[in-house]
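First the structure, in the form of structure tokens, and then the observations on it.
The values are calculated or read from the model by the stated rules, or taken from the named source; none is laboratory data. For clarity, every value in this text was computed on a predicted model and none was experimentally measured. Counting neighbours? That spans all protein chains shown, and the Cβs are built from the backbone with ideal geometry, glycine included.
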């Protein structure tokens, strides 16, 4: 029995569509992204439809997620950062729900695709640049000029620019690699269970070991799913904060 | 006021104070695991190298394609080294940040 742990990441077209030379098929990935957005919307509208002073369980879940993101923004950007609340909240909920949805057996993990995480990151960094220029005009470029003698600047400015662009890669790769690694690990251990189960009578009971492993890794993956959504959102906050205030601590 | 109610009120007051303190402190971050730290440093370094090399390749390509100037290996050589420097700087910044965090946690203990 050939089992490929990477098979779960295959993007398969559901409704093939071609516009000119481009393949814009509606794939399982698009389906799950729509599903995530629909779930977030449904969860929040249902949770807040019957508002009560003493919240029901679903309502308090919605309130907790609201407060969590609001606190995060407040602690990194201060009160003026709250302008970005809708942006950060949307990103956080999208990533969180995609991560959690991906943990269901048979589900497709949207955030395990570098395209998706990179697009999210590119959007974040574009926002940072736009906010920076809108706030400071050309003064935003001071972000790339550290305090140093002029001659050193020839070397330092390109380094600063590279390290700014690095975020584009590190932010997207962090989320993508975490999800990819976790799900691959789960699939590998699952294939051990099947292989040992199909083996001889004496090896059969050993299948319980990787089975237990799956349970533990599954729990760990829950933590990772939340933690990565949190990290993604808080780094977005930190980068936006830098665009708002340039670097005052340097 | 009957005693149980005032007790409730006192407890509510305590909880509000606590929430206020938490707000002032900022959200408590989960302590990073060693694996998480290692992974973070690795991504910082590797992505800086990748961006440096990519930029260098792009610069060479642009010069070749638009200016018709053969700079081929040099843009990549220089920017790759700059990328390495940027990566080391990023890792050092991350380490400094982590150190400060740990020191703060030690003080709290």
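So here's what we get for this one:
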| item | result |
| --- | --- |
| Residue identified as at pLDDT 90 or above, surrounded by fewer than 21 Cβ atoms within 10 Å (Cβ to Cβ) and at the interface with another protein chain (Cβ under 7 Å from one of its Cβ atoms) among A:180, A:186, A:165 | A:165 |
| Residue ID - farthest from residue A:237 (Cα to Cα), chosen from residues in the stretch A:79-93 that are touching a residue at least 60 places away in the same chain (Cβ under 8 Å) and within 14 Å of another protein chain (Cβ to nearest Cβ) | A:92 |
| Residue check, residue A:191 more than 24 Å from residue A:64 (Cα to Cα) and within 23 Å of the chain's Cα centre (by Cα) | no |
| Test: residue in the stretch A:109-121 that is touching a helix residue (DSSP H, G or I) at 6+ places or on another chain (Cβ under 6 Å), more than 14 Å from chain B (Cβ to nearest Cβ) and without any contact (Cβ under 8 Å) to a residue 24 or more places away in the chain | no |
| Those residues of the stretch A:153-162 which are more than 7 Å from chain B (Cβ to nearest Cβ) and surrounded by 11 or more Cβ atoms within 10 Å (Cβ to Cβ), in sequence order | A:153, A:155, A:156, A:157, A:160, A:161 |
| Filter pass, residue A:174 being touching a residue at least 60 places away in the same chain (Cβ under 8 Å), under 19 Å from the mean Cα position of the chain (by Cα), part of a helix (DSSP H, G or I) and under 18 Å from residue B:49 (Cα atoms) | no |
| The one condition in (1) surrounded by 17 or more Cβ atoms within 10 Å (Cβ to Cβ); (2) over 19 Å from residue A:225 (Cβ atoms) that residue A:69 fails to fulfil | (2) |
| Selection status of residue B:76, buried (at least 18 other Cβ atoms within 10 Å of the Cβ), more than 10 Å from every other protein chain (Cβ to nearest Cβ) and in a helix (DSSP H, G or I) | yes |
| Any hit, the stretch B:24-41, residues being out of contact with any helix residue (DSSP H, G or I) (no Cβ under 7 Å at 6 or more places or on another chain), in a helix (DSSP H, G or I), modelled with pLDDT of 85 or more and under 30 Å from residue A:154 (Cβ atoms) | no |
